[in-house]
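The values are calculated or read from the model by the stated rules, or taken from the named source; none is laboratory data. Just so we're clear, the structure is a prediction, and the values are computed from it rather than from any experiment. Heads up, the Cβs are rebuilt from the backbone with ideal geometry, glycines too, and the neighbour counts pull from every protein chain shown.
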Amino acid sequence: MATAELPHGDSAGTFLGHPKGLFVLFFAEMWERFSYYGMRALLIFYLTQHWLFNDSQAGVIYGAYTALVYITPVLGGYLADKYLGQRKAVAYGAVLLTFGHFLMGFEGNGGQDPAALNLFWLALAFIIVGSGFLKANISVIVGQLYPRTDVRRDGAYTIFYMGINLGAALGSLLCGYLGQTYGWSYGFGAAGFGMLLGLVVFTVFKPLLLGRGEPPAGLTKGLEWGLYAIGLVAVIACWWMVQNQAVVGTLLGISGAALVAYVLYTAVVKLEPHDRDRIFAAMFLILGSILFWALFEQAGSSLNLYTDRYVDRAGVPASMFQSINAIYIVLLAPLFAALWTWLGRRGLEPSAPAKFGLALMQLGAGFLVLVWGAATGEMTPVLFIFLIYLLHTTGELCLSPVGLSAMNRLAPAHMASLIMGTWFFASATGNFAAGLIAAATGSEAASGEGAAKETVLGVYSQIGWVAIAVGVGVLAVSPLIKKLMHLDTLRDDTPGDDQQGADEAYPVAARPAE
């Protein structure tokens, strides 16, 4: 059954004013994030303490891995848009992720043993490609549950984002504790079970999705299995790339330029003026998010190591502090969702570009607060770790769920997954840049503990001021970007829009046979 033929109704009932399908996606994504962030909390320590990479090497590896996690949604989003449909893409991604997380449990003897390291790279590759099929597409299904002009959309994405962070909090706490207390395989094994639960939830409660994300007409079994085979080829490619981090940087530069050029070409040549302007606005937000993620993603690498070495933690494993951001999200997301709705009904809600500017300013302030707190003594009081995460979290709530909603609202239906994939591609670029920044914070680690700490704080001071300055600039131009969004002429998709849009965006020969 084609998605476009189904009404945006409440035939399956609502819960808390939203379609029940939203909460199926909430719980599926919650368990996926449990597995991802549980593993992420341990990864920098696994690289430095088990595989014995130095800080700079570990930072670059971490950045290349997280970048690839955000590159692959471009492939997964494109295949879902054109052939596979979002639901099947999400299910396949969940299978790959489950296998990859369980494979992480085989840790070998550590050091630089080639055989054990190859198994580790392979586990990362399965996680990378699985994320590519799942991440962009599950977010798109959330948007498909609502008309484009539905005022509940920002609130829905904030609720969805709350599920992401509930899983992240639980994963960081449980997997971090097990991994640093009982052994790496216990932490990674728990992440695998979490992913398996996510797959079960998504499969069992599929009817509540109201047919959203189903494949377009013409998908045959042969083509479907061929697409799954492409996923396995991508696993092999990522196995090689995660070991050759410089290649990832080159790939980001070349493919990023090509992707932006393709999106802009489509917007200029094949879209009507208002849709074209909306794509321009979306690209501004996408490009602006790169700096945010480059700085925000210090959390899992350099900030994680800083917490381990220079913070008075009272014996709590450093990896467990990765849960602070997620816990703040769970506590604050309902307040932000209610705030945006309350302001929106009164015509006072800041525009999406203005929220991005505020996000960058709060991000920079967080780093400066930590630098100030570090000057209070030899060991940084743990209070300042809570403060930096608080400011980064309020910034994240002004950017990430708002960005997800904006991508889905601004993109025509036939480009939804492509634009969402481009959004995640920007996150990939930010994550790779985050690895380079993290490597810079560890560049003088051999010079002594005091010099190493000062290096980290010097980098944090610089990036803090840069983020605030850029945030002020984004805030200043936000009225112009808001005009490009043409929110007053947005209309809901109607039956036939998907096919008409596909005719306009893609050559007939490039579409699947009907």
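Here is a yes/no grid of residues against (1) within 23 Å of residue 470 (Cβ to Cβ); (2) under 22 Å from the mean Cα position of the chain (by Cα); (3) not in a loop (DSSP other than H, G, I, E, B):
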residue: 197; (1), (2), (3): no, yes, yes
residue: 248; (1), (2), (3): no, yes, yes
residue: 261; (1), (2), (3): no, no, yes
residue: 283; (1), (2), (3): yes, yes, yes
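Any chance region 61-78 includes a residue that's surrounded by fewer than 22 Cβ atoms within 10 Å (Cβ to Cβ) and more than 30 Å from residue 342 (Cα to Cα)?
First, the residues of region 61-78 that are surrounded by fewer than 22 Cβ atoms within 10 Å (Cβ to Cβ): 75, 78.
With more than 30 Å from residue 342 (Cα to Cα) added as a condition, the list becomes 75, 78.
The answer is yes; a qualifying residue exists.
Quick check on my filter: what residues within region 79-105 are in a loop (DSSP other than H, G, I, E, B) and modelled with pLDDT of 85 or more?
85, 104
Mind checking whether some residue in region 372-384 is closer than 14 Å to residue 283 by Cα, part of a helix (DSSP H, G or I) and not hydrophobic (A, V, I, L, M, F, W, C)?
no
Return a yes/no flag: does region 143-152 have any residue that is of a type in the set (Val, Ile, Thr) and outside any helix (DSSP H, G or I).
Scanning region 143-152 turns up at least one residue that is of a type in the set (Val, Ile, Thr) and outside any helix (DSSP H, G or I).
Out of curiosity, is residue 156 without any contact (Cβ under 8 Å) to a residue 40 or more places away in the chain and aliphatic (A, V, I, L, M)?
On the way: without any contact (Cβ under 8 Å) to a residue 40 or more places away in the chain: no; aliphatic (A, V, I, L, M): yes.
No; evaluated as a whole, the condition is false for this residue.
Any idea which residue in region 333-353 is surrounded by the fewest Cβ atoms within 10 Å (Cβ to Cβ), counting only those that are touching a helix residue (DSSP H, G or I) at 6+ places or on another chain (Cβ under 7 Å), at pLDDT 90 or above and part of a helix (DSSP H, G or I)?
353
Kindly indicate the residue of region 202-226 that is in a helix (DSSP H, G or I), surrounded by fewer than 21 Cβ atoms within 10 Å (Cβ to Cβ) and hydrophobic (A, V, I, L, M, F, W, C) and also modelled with the highest pLDDT among those meeting that condition.
225
Looking at this structure, is residue 51 within 28 Å of residue 145 (Cβ to Cβ), modelled with pLDDT of 70 or more and among the aromatic types (Phe, Trp, Tyr)?
Considered against the rule, which asks whether it is within 28 Å of residue 145 (Cβ to Cβ), modelled with pLDDT of 70 or more and among the aromatic types (Phe, Trp, Tyr), residue 51 comes out as no.
Is it true that residue 138 is buried (at least 21 other Cβ atoms within 10 Å of the Cβ), in a helix (DSSP H, G or I) and modelled with pLDDT of 85 or more?
Here the answer is yes, as residue 138 does meet what is asked.
Does region 166-188 contain at least one residue that is surrounded by fewer than 23 Cβ atoms within 10 Å (Cβ to Cβ), touching a His at 6+ places or on another chain (Cβ under 9 Å) and assigned to a loop (DSSP other than H, G, I, E, B)?
No, there is no match, as no residue in region 166-188 is surrounded by fewer than 23 Cβ atoms within 10 Å (Cβ to Cβ), touching a His at 6+ places or on another chain (Cβ under 9 Å) and assigned to a loop (DSSP other than H, G, I, E, B).
Of a type outside the set (Gly, Ala, Ser), at pLDDT 95 or above and either surrounded by 18 or more Cβ atoms within 10 Å (Cβ to Cβ) or not in a helix (DSSP H, G or I) (or both), is that true of residue 394?
yes
Checking the conditions here, which among 76, 63, 21 is of a type in the set (Gly, Ala, Ser), modelled with pLDDT under 85 and in a helix (DSSP H, G or I)?
After applying the criteria, what remains is 21.
Find all pairs meeting these conditions: Cβ atoms under 8 angstrom apart; at least six residues apart or on different chains; first residue within region 100-127 and of a type in the set (Val, Ile, Thr); second residue assigned to a loop (DSSP other than H, G, I, E, B).
127/104
So for region 209-227 (the condition being hydroxyl-bearing (Ser, Thr, Tyr) and either within 30 Å of residue 41 (Cβ to Cβ) or in contact with a helix residue (DSSP H, G or I) (Cβ under 7 Å, 6 or more places away or on another chain) (or both)), does at least one residue qualify?
Taking every residue of region 209-227 in turn, none turns out to be hydroxyl-bearing (Ser, Thr, Tyr) and either within 30 Å of residue 41 (Cβ to Cβ) or in contact with a helix residue (DSSP H, G or I) (Cβ under 7 Å, 6 or more places away or on another chain) (or both).
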